[in-house]
Amino acid sequence: MRISLSADHAGYELKEALAAWLREAGHEVLDLGTNGPESVDYPDFGARLARSLEAGEATRGIAVCGSGIGIAIAANRNPACRCAQVNEPLSASLARTHNDANAIALGARLIGIDMAKACVTAFLSTDFEGGRHQRRVDQLSHLNQDC
């Protein structure tokens, strides 16, 4: 699977660890930065992640900032991105089964590497359930037009 990763300065170390782990597992990783611990703005990196998914450069995305919240909000400004901020595997799994999330956001200051890996594993190994959830997922791309 091809996976886009992005992070701000607070998420840089976790992003790097996840990128190495994903490559070892045989995934192709598109690293969208940041490339060091110097302060950067998380909205830029959330937007990069969303654009990579929109362009079809990756199948899934993982965004990391201090809390996972800000970068998820930024990514979700793009209608092509359905990014769920998750802290444990059940949320990551439900984001896939019910919401067809194509990205997750992790909080580097909230979870450790082992929990992050568990979240990513659940996210990558879970399929969208479809059915009754499809109508709602379809609505997400048209909220501004239909409301």
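Rule-based calculations on the coordinates, nothing more; no lab input. Keep in mind that what you see is a predicted model, and the values were worked out from it rather than measured. We place every Cβ from the backbone using ideal geometry, glycine too, and count neighbours over all the protein chains shown.
Compared with the dominant Cα axis of the chain, that is its longest principal axis, helix 42-54 is turned about 50°. Between Ile113 and Leu94, full extension at 0.36 nm per residue minus the direct alpha carbon distance yields a gain of 4.8 nm. log₁₀ I(q)/I(0) of the chain at q = 0.17 Å⁻¹, via Debye over equal Cα point scatterers, no solvent, to two decimals? So the normalised log intensities work out to -0.85.
Loop by DSSP (not H, G, I, E, B), at most 16 other beta-carbon atoms within 10 Å: where is the longest site-free stretch of the chain for trypsin sites (Lys or Arg not before Pro)? The longest uninterrupted stretch comes out as 1-76.
Per-residue Karplus couplings for segment 29-38, computed as 6.51 cos²θ - 1.76 cosθ + 1.60 with θ equal to phi - 60°, are listed in order as 10, 9, 8, 9, x, 6, 10, x, x, 5 Hz, Gly and Pro entered as x. In a reduced charge model with +1 at each Lys and Arg Cβ and -1 at each Asp and Glu Cβ, segment 2-146 shows a dipole moment near 360 debye about its Cα centre.
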